[in-house]
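Worksheet: the structure to be examined is printed underneath.
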Amino acid sequence: MIPLRETWVAEAEDGAIVGMMVLDGDLLSQLYLAPAHRGRGLGDRFVALAKERGPGGLTLWTFQVNEPAHRFYERHGFVAVERTDGRNNEEREPDVRYVWQP
């Protein structure tokens, strides 16, 4: 994944990787924060960076059951535009596609 997509990581002071974001063109493919590092503004910084790198707009997918992710992305201006039953993702989990337009 790393050589094929734009990958960003966040390091703690001790050098441990505590977050990562993967961009694939206008797709925010992955955004992950270690649980102990959530709620500290790191996710906000990643989203700001994604918007900077994708000024024409972004899209992303998240699972329907992940309500905290829905609140997070909606707070950052993303709008849910599609819901699926999950048949087209690896996990077979119902998901939601979000879009951000500047």
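The values are calculated or read from the model by the stated rules, or taken from the named source; none is laboratory data. Just so it is clear, the structure is predicted and the values come from calculations on it, not from any experiment. Neighbour counts are summed over all protein chains in view; Cβ atoms, including those assigned to glycine, are modelled from backbone coordinates with ideal geometry.
For the reader, a short list of remarks on this structure follows.
- The residue that is farthest from Gly77 (Cα to Cα), among those in region 24-53 that are in contact (Cβ under 8 Å) with a residue 40 or more places away in the chain and under 13 Å from the mean Cα position of the chain (by Cα), is Leu49.
- Of the criteria (1) of a type in the set (D, E, K, R); (2) more than 16 Å from Trp100 (Cβ to Cβ); (3) within 11 Å of the chain's Cα centre (by Cα), which one Glu6 fails: (3)
- With respect to the conditions (1) at pLDDT 95 or above; (2) of a type outside the set (Phe, Trp, Tyr); (3) farther than 23 Å from Gly39 by Cα, Arg71 falls short on a single one, namely (3).
- Residues in region 33-68 that are closer than 24 Å to Arg87 by Cβ, surrounded by fewer than 18 Cβ atoms within 10 Å (Cβ to Cβ) and touching a strand residue (DSSP E or B) at 6+ places or on another chain (Cβ under 8 Å): Trp61, Phe63, Gln64.
- Some residue of region 76-87 being buried (at least 17 other Cβ atoms within 10 Å of the Cβ) and either among the charged types (D, E, K, R) or over 14 Å from the mean Cα position of the chain (by Cα) (or both): no
- Screening Arg71, Arg40, Arg97, Arg87 for residues that are outside any loop (DSSP other than H, G, I, E, B) and either more than 21 Å from Arg5 (Cβ to Cβ) or of a type in the set (Asp, Glu) (or both) leaves exactly one candidate, Arg71.
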